[in-house]
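The values are calculated or read from the model by the stated rules, or taken from the named source; none is laboratory data. What you see is a predicted model, and the numbers here were worked out from it, not measured in a lab. Every residue, glycine as well, gets a Cβ built from its backbone with ideal geometry; the counts of neighbours run over all protein chains shown.
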Amino acid sequence: MPRVSRRTENLGTENAFVVLAEVNELVRQGKDIISFCIGQPDFHTPANIQDAAVRAVREGRHGYTPSAGIVELREAAARYMGAMRGLAIRPEDVVIGGGAKPFIAYTILSTTDYGVGDEVIYPNPGFPIYESQIVANGAVPVPLHLREARNFAFDPAELEAKITKKTRLVILNSPQNPTGGILARNDLEAIAAILRRHPEVWIYADEIYSRLCYEGSFASIASLPGMLERTIISDGASKTWAMTGWRIGFASNPILAPQFVRWVTNTDSCASHVSQWAAVEAINGPQDAAEKMRDSFLARRDLIVGLLNKVPGTFCKTPGGAFYAWPNVTEACRMVGAADSEEFRKRLLNEAGVAVLADIHFGARVPGEGQHIRFSYAASKTALEQGVARMAEFIRGNQRRVA
Ligand SMILES: Cc1ncc(COP(=O)(O)O)c(C=O)c1O
């Protein structure tokens, strides 16, 4: 038999999809499961955006587009990304992709070489695709630990300590998946001051949750002096306009944009033509639906954090953005006799019918930071109330048995 490459055999994955398959199987067996696994808005794409897509189909806009994307969307995305960050971004520096996700790989491929020891620093816990793409592309993963005591930002001094002569890229993500943490302006200034001392290092600013920032206004590293040229800004339609399945992301950088275009030509050819017209409407059309979704996420954040902080053995920091809560369940694990958050998660699913992800799905557990699980609170108020009540009952019930 021909063999599968080691690179593919060792390729990581996004465990949300693995757990989701487990959940679907339990649901198929008739089990009553409340799921908080998947990171996507639970709303329909706004009607004006749907209508723009239908119009595009009817008008025959369904052939290939340039790999960089249609000019109308590059212009709209440049204006939009620039306005959000107080920057002038040129349309020719913007590339449209099939979601924001592909730009993670394109950036690593465009800034590191295979097997020569090039290092990439990335947040841990973090979006699992960072680490899997770093490893698959033959670079060296250097995790940068997020700290609960700093509301899940990292300590800039720890970043400085990790930069070596081999560092090629630093990945930042704010607002953050899975913790909901944000990099506040003073942190960004400290990070920029460090990176100015290392002008050869690229920065990937994963800002896919830029519109879901609840504490102060959204701030980007790219806005700070000297950062724009060396920062790849990544944003997209998925989270802001409830468009995850439409697959539209946009990235901007004056030097790497032409390289990204070649990667798109080599992989997808172009993002979906129909979806690109939908995204033009998403950006240029009325924003009231997006604002309503944001307000709803904020209300649900406050609800779930309040509920989780009443659960025995659990405490939850108030996340500054995105739609994730990252409660500390170290004591809850002890109370129910679970060895760690992963055993806790499995028992919560099988014994209480509540599906969440565990910290190990987002990288190796950070030493000294305890056990965490992730709730995606893009779920109904009833689901949030019932799900957290089931978790509390599960802990109380099992505590009695252990005691
Ligand atoms: C941090 C982060 N970056 C990127 C993505 C990918 O988003 P997209 O749907 O635009 O590919 C996600 C999706 O969950 C994410 O959480």
Task: When residues of segment 136-163 are limited to those that are closer than 30 Å to ASN186 by Cβ, in contact (Cβ under 8 Å) with a residue 60 or more places away in the chain and in contact with a helix residue (DSSP H, G or I) (Cβ under 8 Å, 6 or more places away or on another chain), the one surrounded by the fewest Cβ atoms within 10 Å (Cβ to Cβ) - done: HIS145
Task: Residue list for segment 221-239, restricted to those being in a loop (DSSP other than H, G, I, E, B) and either among the aromatic types (Phe, Trp, Tyr) or surrounded by fewer than 24 Cβ atoms within 10 Å (Cβ to Cβ) (or both) - done: LEU224, PRO225, GLY226, MET227, SER238
- [ ] Look through LEU228, LEU256, LEU303, LEU224 and report the one residue that is more than 15 Å from the ligand (Cβ to nearest atom), farther than 30 Å from HIS198 by Cα and among the aliphatic types (A, V, I, L, M).
- [x] LEU303
Open item on the list: Among the residues that make up segment 132-139, is at least one of them among the polar types (S, T, N, Q), part of a loop (DSSP other than H, G, I, E, B) and in contact with a Ser or Thr (Cβ under 7 Å, 6 or more places away or on another chain)?
Closed with: yes
TODO: Would you be able to say whether some residue in segment 184-196 is out of contact with any Gly (no Cβ under 6 Å at 6 or more places or on another chain), modelled with pLDDT of 95 or more and not in a helix (DSSP H, G or I)?
DONE: no
TODO: Output the qualifying pairs, or none if there are none: Cβ atoms under 7 angstrom, residues six or more apart or on different chains, first residue in segment 124-135 and assigned by TED's automatic domain parsing to the domain that holds GLN40 and more than 11 Å from the ligand (Cβ to nearest atom), second residue assigned to a helix (DSSP H, G or I) and not hydroxyl-bearing (Ser, Thr, Tyr).
DONE: none
TODO: Pairs only if they're at least six apart or on different chains, beta carbon under 9 angstrom, first in segment 24-43 and closer than 16 Å to TYR377 by Cβ, second among the β-branched types (Val, Ile, Thr) and assigned to a loop (DSSP other than H, G, I, E, B); list them, first residue then second.
DONE: SER35/VAL356; PHE36/VAL356; CYS37/VAL356; PRO41/THR240
Task: Inter-residue pairs, beta-carbon under 6 Å, first in a helix (DSSP H, G or I) and in segment 88-105, second within 16 Å of the ligand (Cβ to nearest atom) and of a type in the set (A, V, I, L, M, F, W, C), 6+ apart - done: PHE103/ALA251; ILE104/ILE129
Task: Options ALA257, ALA192: the member that is of a type outside the set (D, E, K, R), over 19 Å from LYS101 (Cα atoms), surrounded by fewer than 20 Cβ atoms within 10 Å (Cβ to Cβ) and not assigned by TED's automatic domain parsing to the domain that holds TYR324 - done: ALA192
TODO: For segment 346-370, enumerate the residues that are touching a strand residue (DSSP E or B) at 6+ places or on another chain (Cβ under 7 Å) and either among the polar types (S, T, N, Q) or without any contact (Cβ under 8 Å) to a residue 40 or more places away in the chain (or both).
DONE: ALA358
Task: Close pairs from segment 70-81: first closer than 13 Å to CYS270 by Cβ, partner polar (S, T, N, Q), Cβ under 7 Å, at least 6 apart - done: ILE70/GLN276; LEU73/GLN276
TODO: Within segment 341-372, track down each residue that is charged (D, E, K, R) and either in a helix (DSSP H, G or I) or in contact with a Ser or Thr (Cβ under 8 Å, 6 or more places away or on another chain) (or both).
DONE: GLU342, GLU343, ARG345, LYS346, ARG347, GLU351, ASP359, ARG365
Open item on the list: Out of everything in segment 204-221 that is over 25 Å from VAL280 (Cβ atoms) and either aliphatic (A, V, I, L, M) or outside the structural domain of ALA190 (by TED's automatic domain parsing) (or both), what residue ends up being nearest to the ligand (Cβ to nearest atom)?
Closed with: ILE221
